[in-house]
Structures are given as C-alpha cells and as structure tokens.
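The values are calculated or read from the model by the stated rules, or taken from the named source; none is laboratory data. Given the structure is predicted, the values throughout are model-derived calculations rather than measurements. So basically every Cβ, Gly included, is an ideal-geometry build from the backbone, and we count neighbours across all protein chains shown.
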Amino acid sequence: MKGASVLIGGVGGQGVILTARILAEAALALGLGAQMSEIHGMSQRYGSVVSSVRLGKAETPLVKRGEADAIVGFEPLETVRLLPWAYRKTVIVTSITPIRPLSVSLGQEAYPLLEDLHERLKDRAGRVIFIDADRIARSIGSEVVANSVLLGALIGTKALPIPLDSVRKTLVKHVPSKLAAPNLEALDIGYGVAIQDGYSIAFA
Amino acid sequence: MDPDHERILQARSGETLLLLGNEAIARAALEAGADFASTYPGTPSSEIGLVLDGVAKAAGLTFQYAVNEKVALETAAAASLAGLKALVFMKHVGLNVASDALMTLAYSGVRGALVIVTADDPGCHSSQNEQDNRILARFANLPLLEPSTPQEAHELTKFAFEFSGFLQMPVIVRTTTRVAHARGPVAVGALGKPRGKAHFERDPDRFVMLPAHAREGHKRVLQRLRLAEGISESSPLNRLVDLKEPLDTGYITSGVAYTYLREYADRLAGKVLKLGLTNPLPRVKLAEFLRSVTRVVVIEELEPFLEDAVRALANEYAIDVQVYGKAQGLFPRTGELDPDSVAEGLVRLGTLDADAVKRIRDVKMPKLPARPPVLCPGCGHRAAAYAARQATRRQDVLFPLDIGCYSLVEYPPVRAGDVLLCMGASIGVGAGLAAVTDQKVLAFIGDSTFYHAGVPPLIHAVHQGANLTVCILDNGTTAMTGHQPHPGMPEDGKPAVDMEGLVRGCGVRNVEVYDAYDVKGLTKAFRRAVSHDGVNVIIARHRCRLLELRDMRADGARAPVYQVTPEACTKCGFCIDAFACPALVRLEDESVTIDIALCNGCGVCVEVCPPKAIARVPEENA
C-alpha cells in the first residue's frame, strides 16, 4: 500500500491527540504501519496543537511540508496554520467554528475573516470540506463528539486506506463507554457529510 | 488500572503495540526486571512515570515520585548500591538539579544497575531552555545511549540495564521530544522478575567519597569508560548503513536526526554511520569511516556534539576529509530539526537534489494571530495573580515567577512576571531583588515547585531579613505534567507534609491561607503583605479545577453555570482586559457573554465584573 500522511490541528483540549491516536490504532489493527507524533505539556493548555500521523512505511511520524495527503482542522485558524503542509491534492476537513485566541479577545490582533480563511484553503488544496461539526455534535446531544464528526468526514473522503468500520471498532476502545454511542453517531454523520459533499443528488 | 497501562503491562512477548517512546521505556524497564524507579515529573519524560506508577503494584516494582530530581537520583542510586536494578528519569533541566549527585556517583559507580533517562526538549515545547544533555554525560564520564524511535527507546533502555550492570556504572539514555512523544509500533519482550528487597553490603572504599577514595574513584570511572569504549567499537548500536553508489560521501548521525536522514535514503548516495552509543564514541570505527570517504556530513539536533568530536578525530589522525554540519550553518544549532530542515541543509551542500525541497518553497502564508497556551477557565492561578495585580497596581512591585502552569500569568493581560529562571528561583531571585532594590517583591511559586526547590531559598530569605511576599499557588497537584502527586498530598497511606507547618518551620511568622477564588480576601491580603516588612507567605489554595471537574462528573454533578445579564453589562470590557478568562467572549457590540462550552463554573468573574452583571444561573434553569 502507498503510505499516507495526515495532520490534525486544533486548540489544546479539543481532542487532537486522541483523534490522531484512534486513526493510528485503526491503521495498525489493519496491519498497516502507523506512527504519530504528539506534543504534551504546556501546549495542551488551549494553545495551538498539532499531531501528525503517517500510515504505511515511513521513517518518522513527522510530515514534510507540502506532503500532507489529508489535513483535519478542529478550528479554522488552526487549519490554515497547517497550509504549508498542503499541496494541490491535499484533502482538507475543517470545522467552521472559530475559537478566538487571547490576543484577539484582548483586541491586540484581529481574527481573520472566515471567508478569507476558506479561500486560502480552497486555493491550495485539492478538496476542502467545511463542516459545522459543533452544531452536528450538539444535535447529537454531546458537544464533545465534534472531533468524531470531523474524523468521520476524513474517512468519508476516502483519502486514507482505512474503512469506516475499522475506525468504529477502534473508537469504542478509546472513549469512555458512556460516550461510545454518541461518538459513533457523530462518526457516521461526518462520514455521510463527506460522501454527499460536492454532489447535488447522486453520488459515486 | 488505566486501560493503556494495563495493555503495556499485560502485552505478551512478541506482541506489537503502538507505544509512545516513554511508554516503550517503561515497558523496557519492566522487561529488564527493574526493582525500583523514581522521578520528578517533567515534560517530555512524564509518561514513563504515569505508566510505572500505574503498574507498580501489579508488577512488583517500587515506584516513588520524589520531591525533586536530586532526591530521585539519590534514592535510585541507593537501590542500585544495594544490588537492585533501578531506573530514574527526568526532563533535561531536571538532570541539572540532580547533577551534584550525578558527578560523584560516576566515581563510586553502582551495583545492580542504574539507568538514567534524560528527556531533552529541543525547541522548548515545554521548557525554559533547550540544553543538550549529551554534554552532561560526557562531563560526568558516563556512557550515553541515543534512541531514534520508540522501538529503539525500548531496545536501548533494556540494553542500558545490562550495560550498567556489566560496567557497574550509571548509564544515561537520552531521548528528545520527538522520540519521547512519538508513537510507533514497538515489539515487546518478556517481562522480567523484580527481586524486591535487597541487603546493602558495606564497601566504604568505594561508596564513601572522602578525598582519598574520590581520587581512586576518578581513576575507576576512566577505566570503566575504556571498557565501554571497547563495547562502543563493536556494538551493533554503532552501525554502518550503505546508501547508493558512489560511497564517497559519509553521513554521521544519531537520535531522531537519523530518521530524518532516512526519509531521503533512496535519493542519497554514500553511507551512513548511525550512532546509538555516543559516549564513549567508537574512535577506531569513526576514524576508519572518515578515511573511507572524501566528505562527511554530521547531522544532529542542538549542539555539535558529534561534529566537534569528528573534527577533532580527523585532525588528530590527520585524515583528509571535509567535515560538514553546523560549522557551515547547514543545520541550525537552535530548535528542533525536522525532515525539511535536514533536506534543506543537504540541498545546500549539494548531496540532495533540489526536487526534495521544491514543495517547501512556494507557500505564502498570511500573518495569523498566534495562539500561545493560556490558563484554563476556572484556574485558581488566574484568580490569585489577578488579585495580586489589582492589589498592587499603583505600586512598583516586581513579580519573580516559577516553573509550572502559572508561568502563564506572564502573558497579557495579567503580566505578573519579571524574572523566570528555574525551579524554586522565584524565591531566591525575589530575596536577591529585595536585597538590592527598594522595590517591593511578590514571588509566585506552585505547591509542587515549593516542595521541590522553594524551601531552602525561603529559609534564606527569612534569615537575611528580606522584605518579600511569597504567594504559594497551591492547587494540590503537579498539574502541568499530568497531575502527579507531591509531598503535600496524602496518597496511598503516605502522610502529607503540611505546607503551613513547613512554611512556619522555615521561620516565616506571617502566613495566611485563602481560597484562590476569594479575590476580595486575597486582594486585601496582598495589599497588607507588600507593605509589611519581613517575609510574608500567602497560600492561595484551590484544587486544580480540572481535577475538581473530573470528580464532579464522577459524582454525576455539574459545575455551576454563570451568565452575563445583557441589560446590566456596561460594555466596559474590564473582565476581559484585566482578567481574560477564555470563557469570556466580547461580542461585536462590545458587550460580553460567557461561552458555556468553555466555562468551568468557578464564578470568580462575578467578583471581577465592576457593574456586577454576572450571576449564577439557578440550578433548575442551568
């Protein structure tokens, strides 16, 4: 199998590392090689967090700039921050709900216009899926499952050689049992969003 | 037991797990049959302790969170002197704290085995510096192993126990963030059997470092190091890897840099000397390698540790070879390397085709607002630092800071930081500032840090009659590194060392304790303290909100909900401009609202808001 490189970015506390872990464990369970990198400690306190996952044969979990096959962003600004790793075939799945950095709350810096951020993503990548993951998560009744919506959408893009069922199986092992059902629901809906995205009625 | 820890303990020989480098080290220690392990938590080493603490009882291993790294090393050394196998691990700067013990322990050597893991942090992801501890290993004349991946972290740690046992000296395993916090497949071996208790056999000539014995000890460590050098020469940890023909370019590399070079292996010609045992270096093997090539490229993170040695060796043996690396600026001496920076260096030198970096160059990025870490919503540190700022805002007050989550109070808007150096330095620096200036000094230090390194400087400040206020931010845990216990907390039948008693015992007469959420009380206390002579200690105590919320959830309870009454909000913005809890959000019309998803329900903003526009939502409506 050809390898794949994935970057997952967000704000500390959003579950970036757990999501990357589920992806890597699912790949390993399928017999694909998998590695990932995490950053712990200070950055987990609401700072920018990024985790990289490489599937298939790779020497390091780090992704080279311009070589991410997929990028998942849990927050629009954090998605755009990962653009140096995108290229013309990159698939991007991003949440659309901004979380303002402190400098923005304090009025020292401005949060970029969402339209501009979206344009930048579309300019550079092969395919971009914008998902209101938070709203979908709320509709399921649990705000904490927004990352599963995004993970589902990533799997739905078929950019990675990992089927939905494998992720479902891995996910239930890594979330508290109480949250298994809403997480699976979120995963499925996200998957559906990606499958339908870009098609008017019929889809391939 | 945590399911991840259970998996690590239960895995059978031959099984492959997806492990963090740190988890791989913990498993390796269990396989080596380690009897004793100790640490003071610090990123990026902390997960070794989380695993070993979790499995200790089931594995028959004695695990202790020590009060600081020096004590951790001393207790682990004692275990090895008694004939047991011991592991001690810490972040890079932790080894500075332990270095007093380290330097002399090298002379006495060990029995059993003693493996010291230092987790370096190039790029300062979570540290106050990015020192390269390979130099400390050379300084102490101790063997040094550098794993490149989680799998190697496992193999080298296991080997380190054997190596230490054979040499009868401590062995250092040095990881970096991208090994410690990389997660990759690790094939595990069979678990070993700890012995448990031991009997200490006296040998004062070796273990009592009086000057006469120390002189012999210095000779002994050098003799042992020669044995280690022999092993370094023949060890497969220092191995040759051929790339494509022609083979006249050599690459010398160690640690994580090796994996970055391997990323381009199919596009590079030459051969690689991959070094896993880097002190003592295999001088003969290296010289042979240098003679077999016309140019050699040394790739390593941080200091030119290998590069300088290679250059010296080429010089010593008059080998005609060009040595490339940091000296020519091909690779940075600061920060982390990554595959891109390695490729850029090689392209500049001309050994790698420019195609390899083509994609790097065409990115135009807008200027994006940075997102540094901030204190969590509901954090007691924010409340206490805010109170200190408010209490002293018309005065010239200096704020020495210390190491922990609360380092973040230096960021706007609170900006309660003037000097931040190392563990415990807030009080030492504070005492110094009090001695040489007429400015008032208010030092912040966390509870775990206070026990770790705050007590001697507090004694000093009292004895010197410093006019100093110390605020101990007591959240009842070592929060930043993953909520490890410290001596101020009772756990598993271990008694707690009472903080107020300890502070009074240091000679402080004026000790006050407040709930960190009590902004009103703290503000008055800070105002009094800074105008009061002598050493004043104010303990701002509130359990880490993350732990409180975890317990609430376990009890089926919910944190209180607060909201802004829109009609009452005067749009003054004070709550954000002075307090800046992440849950407070400024709307377009300048009024403020509370983001329910972020709010942790501490209620401190009720007190902060000048027009009193924030109120708790009655439970039935929450």
Next item on the list: Look through the stretch A:105-148, keep the residues that are assigned to a loop (DSSP other than H, G, I, E, B) and of a type in the set (A, V, I, L, M, F, W, C), and return whichever of them is nearest to residue B:582 (Cα to Cα).
Entry: A:106
Margin query: Checking the conditions here, which among B:382, B:394, B:389, B:371 is of a type in the set (D, E, K, R) and facing chain A (nearest Cβ under 7 Å)?
Written below: B:371
Next item on the list: Within the stretch B:563-588, track down each residue that is away from chain A (no Cβ under 14 Å) and acidic (Asp, Glu).
Entry: B:567
Item checked: Count of residues meeting criterion [in contact with a Pro (Cβ under 7 Å, 6 or more places away or on another chain) and either under 24 Å from residue B:196 (Cβ atoms) or modelled with pLDDT under 95 (or both)] in the stretch B:19-58 -> 4
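Conditions tested, residue by residue: (1) closer than 30 Å to residue B:540 by Cβ; (2) modelled with pLDDT of 90 or more; (3) β-branched (Val, Ile, Thr).
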| site | (1), (2), (3) |
| --- | --- |
| B:353 | no, yes, no |
| B:361 | no, no, no |
| B:376 | yes, yes, no |
| B:380 | yes, yes, no |
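Among the residues of the stretch A:95-104, which ones are assigned to a loop (DSSP other than H, G, I, E, B) and either hydroxyl-bearing (Ser, Thr, Tyr) or touching a Gly at 6+ places or on another chain (Cβ under 7 Å) (or both)?
We begin by selecting, within the stretch A:95-104, every residue assigned to a loop (DSSP other than H, G, I, E, B); these are A:96-101.
A:97 - this is the single residue of the stretch A:95-104 that is assigned to a loop (DSSP other than H, G, I, E, B) and either hydroxyl-bearing (Ser, Thr, Tyr) or touching a Gly at 6+ places or on another chain (Cβ under 7 Å) (or both).
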Check: Only one of these conditions is not met by residue B:587: (1) modelled with pLDDT of 95 or more; (2) surrounded by fewer than 19 Cβ atoms within 10 Å (Cβ to Cβ); (3) of a type in the set (A, V, I, L, M). Which number is it?
Finding: (1)
Margin query: Could you check the stretch B:8-22 and list, in sequence order, the residues that are over 14 Å from residue B:158 (Cβ atoms) and out of contact with any strand residue (DSSP E or B) (no Cβ under 8 Å at 6 or more places or on another chain)?
Written below: B:9, B:10, B:12
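On the basis of being more than 26 Å from residue B:406 (Cα to Cα) and facing another protein chain (nearest Cβ under 9 Å), does residue A:12 make the cut?
On the way: more than 26 Å from residue B:406 (Cα to Cα): no; facing another protein chain (nearest Cβ under 9 Å): yes.
No, not satisfied.
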Item checked: Residues of the stretch B:371-406 classified as under 24 Å from residue A:9 (Cβ atoms) and in a helix (DSSP H, G or I), total -> 1
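Considering only residues that are assigned to a strand (DSSP E or B) and more than 14 Å from chain A (Cβ to nearest Cβ), look in the stretch B:249-272 and name the one that is nearest to residue B:172 (Cα to Cα). Break it down stepwise before answering.
Initially, the stretch B:249-272 is screened for residues assigned to a strand (DSSP E or B), giving B:249-254, B:269, B:271-272.
With more than 14 Å from chain A (Cβ to nearest Cβ) added as a condition, the list becomes B:249-250, B:252, B:254, B:269, B:271.
Working: B:249: 31, B:250: 27, B:252: 21, B:254: 15, B:269: 33, B:271: 27 Å.
Result: B:254.
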Next item on the list: Looking at (1) at negative phi; (2) facing chain B (nearest Cβ under 9 Å); (3) buried (at least 17 other Cβ atoms within 10 Å of the Cβ), find the lone condition where residue A:128 falls short.
Entry: (2)
Item checked: Enumeration of residues in the stretch A:46-87 that are more than 13 Å from the chain's Cα centre (by Cα), more than 10 Å from chain B (Cβ to nearest Cβ) and surrounded by fewer than 24 Cβ atoms within 10 Å (Cβ to Cβ) -> A:56, A:57
Next item on the list: Give the stretch B:591-621 a look and list any residue that's in a loop (DSSP other than H, G, I, E, B), closer than 23 Å to residue A:113 by Cβ and at pLDDT 95 or above, or say none.
Entry: B:591
Notebook entry, point to check: Only one residue in A:180, A:194, A:186 is surrounded by fewer than 21 Cβ atoms within 10 Å (Cβ to Cβ) and in a helix (DSSP H, G or I), so which one is that?
Noted result: A:180
Notebook entry, point to check: Do any helices (runs of 4 or more DSSP H) lying entirely in the stretch B:128-236 carry at least 3 residues that are crowded, with 18+ Cβ neighbours inside 10 Å, and which ones are they?
Noted result: B:134-140, B:150-167, B:177-180, B:211-234
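Would you mind stating whether residue B:183 is touching a strand residue (DSSP E or B) at 6+ places or on another chain (Cβ under 9 Å), at pLDDT below 95 and on the phi < 0 side of the Ramachandran plot?
Values: touching a strand residue (DSSP E or B) at 6+ places or on another chain (Cβ under 9 Å): yes; at pLDDT below 95: no; on the phi < 0 side of the Ramachandran plot: yes.
Judged against the criteria, residue B:183 is not a match.
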Notebook entry, point to check: For the stretch B:237-248, what are the residues that are surrounded by 12 or more Cβ atoms within 10 Å (Cβ to Cβ) and outside any loop (DSSP other than H, G, I, E, B)?
Noted result: B:238, B:239, B:240, B:241, B:244
Note to self: Residue pairs, Cβ under 6 Å, 6 or more apart or interchain, first in the stretch A:129-147 and touching a residue at least 12 places away in the same chain (Cβ under 8 Å), second of a type outside the set (A, V, I, L, M) and assigned to a helix (DSSP H, G or I). List them.
What the structure shows: A:137/A:143; A:140/A:182; A:140/A:185; A:142/A:182; A:145/A:182; A:145/A:183; A:146/A:134; A:147/A:19
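I'd like the residue in the stretch B:532-556 that is touching a strand residue (DSSP E or B) at 6+ places or on another chain (Cβ under 8 Å) and either charged (D, E, K, R) or not in a strand (DSSP E or B) (or both) and, out of all such residues, is surrounded by the fewest Cβ atoms within 10 Å (Cβ to Cβ). Give the steps one after another, and end with the answer.
Restricting attention to the stretch B:532-556, the residues satisfying the condition of being touching a strand residue (DSSP E or B) at 6+ places or on another chain (Cβ under 8 Å) are B:532, B:534-542.
Among the residues that remain, those that are also either charged (D, E, K, R) or not in a strand (DSSP E or B) (or both) are: B:532, B:534, B:541-542.
Numbers: B:532: 12, B:534: 16, B:541: 21, B:542: 23.
Top of the filtered list is B:532.
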Note to self: I'd like the full set of residues that are over 19 Å from residue B:427 (Cα atoms) and of a type in the set (Lys, Arg), limited to the stretch B:481-513.
What the structure shows: B:494
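Taking the stated definitions as given, is residue B:368 free of Cβ contacts under 8 Å to residues at least 40 places away in the same chain and assigned to a loop (DSSP other than H, G, I, E, B)?
Details: free of Cβ contacts under 8 Å to residues at least 40 places away in the same chain: yes; assigned to a loop (DSSP other than H, G, I, E, B): yes.
It is true that residue B:368 is free of Cβ contacts under 8 Å to residues at least 40 places away in the same chain and assigned to a loop (DSSP other than H, G, I, E, B).
Going by what's in this entry, would residue B:473 be described as away from chain A (no Cβ under 14 Å), farther than 26 Å from residue B:603 by Cβ and either of a type outside the set (S, T, N, Q) or within 25 Å of the chain's Cα centre (by Cα) (or both)?
On the way: away from chain A (no Cβ under 14 Å): yes; farther than 26 Å from residue B:603 by Cβ: no; either of a type outside the set (S, T, N, Q) or within 25 Å of the chain's Cα centre (by Cα) (or both): yes.
The answer is no for residue B:473.
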Check: Do you know which of the residues in the stretch A:11-24 that are closer than 18 Å to residue A:45 by Cβ and touching a Ser or Thr at 6+ places or on another chain (Cβ under 8 Å) is modelled with the lowest pLDDT?
Finding: A:12
Checklist line | Complete set of residues in the stretch A:91-107 that are hydroxyl-bearing (Ser, Thr, Tyr), more than 7 Å from chain B (Cβ to nearest Cβ) and touching a strand residue (DSSP E or B) at 6+ places or on another chain (Cβ under 9 Å) | finding: A:94, A:95
Next item on the list: Run down B:43, B:62, B:39 and say which single residue is of a type in the set (Val, Ile, Thr), buried (at least 24 other Cβ atoms within 10 Å of the Cβ) and more than 14 Å from chain A (Cβ to nearest Cβ).
Entry: B:39
Item checked: Residues that are buried (at least 22 other Cβ atoms within 10 Å of the Cβ) and facing chain B (nearest Cβ under 7 Å), drawn from the stretch A:26-40 -> A:34, A:35, A:36, A:37, A:38, A:39, A:40
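Filter the stretch B:192-212 down to the residues that are touching a residue at least 40 places away in the same chain (Cβ under 8 Å) and not basic (Lys, Arg) and list them by number.
Taking the stretch B:192-212 as the starting set, the residues that turn out to be touching a residue at least 40 places away in the same chain (Cβ under 8 Å) are B:192-196, B:198-201, B:206-207, B:209.
If the condition is that a residue be touching a residue at least 40 places away in the same chain (Cβ under 8 Å) and not basic (Lys, Arg), then B:192, B:194, B:196, B:198, B:199, B:200, B:201, B:207, B:209 are the ones that fit.
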